Amino acid sequence: MLPALALGAEPMEPDVMNSPPRPRSERLFSTAVMGRILFLGGIQALGVCAVFFWHIHASGIPYADFTKDNPVYREAITMVQAGIVVSQFFNALAVRTDRQSVFRIGLLTNPWLLVAGCFGIGLMAAISYAPPLQAVFRTAPLTPADWAVLAALGALLLAAEEFRKWALRHRRTSRREEGG
């Protein structure tokens, strides 16, 4: 919720006035918007599933011994929960612009988004490490290596969206050169 509010305070892209207005008949959830949601959501879903199975595999226990009573179960579930939180933060950074690279406008130019993202990650860390919250949410503490894997998942999501935007800009530039 907080990252969504922070994205609402995001300044418009510098070149937004160079684009023609959207047609009145175009819906808010256009094909392009839905494609972007499915693209980023698919990466996130595959990523957290991969993290889940990676954690089980890395623990060395046979899948047959993987039950709710096994501590690895709680660790793997915590990895998924934290993976969603971390990747959503990177997703929020990635969707700040439609076409421009987020690195061009600056990663640190929306302090509210950074505060909201850090709050979410901090809350997830509390759920992971504080015994009273562990009891409520049935979580387990994550290792620094676990957090590194989750950060890599988030970076992959950001890189994929940056590549998509680059391809979109490149395609528009090619069309302009061909047409004019």
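Dividing the mean sequence gap of close Cα pairs (under 8 Å, 6+ apart) by how many residues the chain holds gives a relative contact order of 31 percent.
Of the accessible area of the chain, computed with a 1.4 Å probe over protein heavy atoms only, carbon and sulfur atoms account for 68 percent. Simple rule: put +1 on each Lys or Arg Cβ and -1 on each Asp or Glu Cβ in the chain, find the dipole, and look at Leu38, Gln88, Gly120; the Cα lying farthest toward the positive end is Leu38.
Please pull out the direction-averaged projected area of segment 1-82, using the convex hull of its alpha-carbon atoms, in nm² to one decimal place.
For segment 1-82, averaging the hull's shadow over all directions gives 8.6 nm².
For the options Leu40, Leu156, Leu108, a Gaussian network treatment of the chain with springs between C-alpha atoms closer than 10 Å singles out Leu108 as fluctuating the most. Just checking the listed ones, Ala155, Ala82, Ala58: in the Gaussian network model of the chain with Cα springs under 10 Å, the one fluctuating most is Ala58. Spatially, segment 91-154 and segment 1-76 are offset by 12 Å when compared through their Cα centroids. Between Thr173 and Leu123, the distance separating the two model label sites (each 7 Å from Cα on the Cα→Cβ line) works out to 4.0 nm. Computed over the chain with a Gaussian network model linking Cα atoms closer than 10 Å, the most mobile of Glu162, Glu75, Glu26 is Glu26.
Per residue, the solvent-accessible area of segment 43-154 (1.4 Å probe, heavy atoms of protein chains only, all protein chains present) comes to 52 Å². Radius of gyration (Cα atoms) of the chain, expressed as a multiple of 2.2 N^0.38 Å: 1.23. Site pair Ala45 and Leu7 shows an inter-label distance of 1.7 nm when each label is modelled 7 Å from Cα along Cα→Cβ.
The values are calculated or read from the model by the stated rules, or taken from the named source; none is laboratory data. In this text, all values refer to a predicted model and were calculated from it rather than measured experimentally. Every residue, glycine among them, receives a Cβ derived from its backbone with ideal geometry; neighbour counts consider all protein chains shown. Ligands, DNA and RNA are stripped out before the accessible areas are found, and what is left, the full protein with its side chains, is counted by its heavy atoms. Shrake-Rupley method; radii C 1.70, N 1.55, O 1.52, S 1.80 Å.
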